[in-house]
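S.K.: Below you'll find the structure I mean.
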Amino acid sequence: MPVPSDDRVVQRVAHAQAVATARGLVLTTLRRQVYALIVASERPIGAYDLLAALQPARGRVPPTTVYRALDFLLEHGFVHRIESKNAFFACCDVDHPHQGQFLICEACGETVEIPGGELARQLAGSAPAQGFAVLRQVVELSGLCAACQHGQR
Ligand SMILES: [Zn+2]
Ligand SMILES: [Zn+2]
């Protein structure tokens, strides 16, 4: 798979670039390529698939280099990690960094980010009352998407 260049991907990459610039961040070529691949992949994509997808454009990229690019994209809210799949998914709203919440179809892998910070805040807010320090917050609902429930896939 070459680094994707369809309009939807190009637009989202350009938008991420603008957000990065406004925050004084630098989207290097590799970070941009990794982000474009994650956007283009409509399902969560794992690091090894990213490495393989980068190869036509970049040749062999050392995994640590790609992990660093992923860390950058995660840290700044351009992508989320889907913990249950150990894979990455492009954030639906890069303008407002937040914790991601996801619906994940067990049959076809379709993944939808549920926007809305209210639940995330409620969850995070309930932890201190228990004397608990949250290090990582993951909300992933697994089930069947509408198409799979109706046997359309
Ligand atoms: Zn998001
Ligand atoms: Zn499905």
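The values are calculated or read from the model by the stated rules, or taken from the named source; none is laboratory data. The structure displayed is predicted, hence computed values, not measured ones. Note that we place each Cβ from the backbone using ideal geometry, even for glycine, and neighbour counts take in every protein chain shown. We work out accessible area using only protein heavy atoms, side chains counted, and drop any ligands, DNA or RNA first. Shrake-Rupley method; radii C 1.70, N 1.55, O 1.52, S 1.80 Å.
S.K.: Since L73 meets every condition but one in (1) in the same structural domain as A18 (by TED's automatic domain parsing); (2) at pLDDT below 95, which condition does it not meet?
M.R.: For L73, the failing item is (2).
S.K.: All but one of (1) more than 16 Å from ligand 2 (Cβ to nearest atom); (2) modelled with pLDDT of 90 or more; (3) of a type outside the set (V, I, T) hold for H98; state the number of the condition that does not hold.
M.R.: It fails just one condition, (2).
S.K.: Go through segment 105-127 residue by residue and tally those that are within 14 Å of ligand 1 (Cβ to nearest atom), hydrophobic (A, V, I, L, M, F, W, C) and either closer than 12 Å to V139 by Cβ or part of a loop (DSSP other than H, G, I, E, B) (or both).
M.R.: Adding up the residues that qualify gives 3.
S.K.: Could you count how many residues in segment 85-104 are surrounded by fewer than 13 Cβ atoms within 10 Å (Cβ to Cβ) and of a type in the set (S, T, N, Q)?
M.R.: The total comes to 1.
S.K.: Just the residues that are of a type outside the set (A, V, I, L, M), in contact (Cβ under 8 Å) with a residue 12 or more places away in the chain and within 14 Å of H98 (Cα to Cα), please, taken from segment 111-135. If you could, list the steps in order and put the result at the bottom.
M.R.: Restricting attention to segment 111-135, the residues satisfying the condition of being of a type outside the set (A, V, I, L, M) are 111, 113, 115-118, 121-122, 125-126, 128, 130-132.
Next, from what is left, pick out any that are in contact (Cβ under 8 Å) with a residue 12 or more places away in the chain: 111, 113, 115-117.
Matches in segment 111-135: E113, P115, G116, G117.
S.K.: Only one residue in L51, L25 is open to solvent by 10 Å² or more (accessible area, probe 1.4 Å) and assigned to a loop (DSSP other than H, G, I, E, B), so which one is that?
M.R.: L25
S.K.: Do we find that A120 is farther than 26 Å from L30 by Cβ, surrounded by 15 or more Cβ atoms within 10 Å (Cβ to Cβ) and away from ligand 2 (no atom under 16 Å from the Cβ) in this structure?
M.R.: On the way: farther than 26 Å from L30 by Cβ: yes; surrounded by 15 or more Cβ atoms within 10 Å (Cβ to Cβ): yes; away from ligand 2 (no atom under 16 Å from the Cβ): yes.
For A120, the condition - farther than 26 Å from L30 by Cβ, surrounded by 15 or more Cβ atoms within 10 Å (Cβ to Cβ) and away from ligand 2 (no atom under 16 Å from the Cβ) - is met.
S.K.: Which ones in segment 67-80 are more than 8 Å from ligand 1 (Cβ to nearest atom) and more than 11 Å from I38 (Cβ to Cβ)?
M.R.: Residues satisfying the conditions are Y67, R68, D71, F72, E75, H76.
S.K.: Say whether the condition of being part of a loop (DSSP other than H, G, I, E, B), surrounded by 11 or more Cβ atoms within 10 Å (Cβ to Cβ) and not assigned by TED's automatic domain parsing to the domain that holds E113 is met by at least one residue in segment 6-19. Spell out how you get there, then give the answer.
M.R.: Keep residues of segment 6-19 that are part of a loop (DSSP other than H, G, I, E, B), which gives 6.
Now drop any that are not surrounded by 11 or more Cβ atoms within 10 Å (Cβ to Cβ), which leaves none.
For segment 6-19, residues part of a loop (DSSP other than H, G, I, E, B), surrounded by 11 or more Cβ atoms within 10 Å (Cβ to Cβ) and not assigned by TED's automatic domain parsing to the domain that holds E113: absent.
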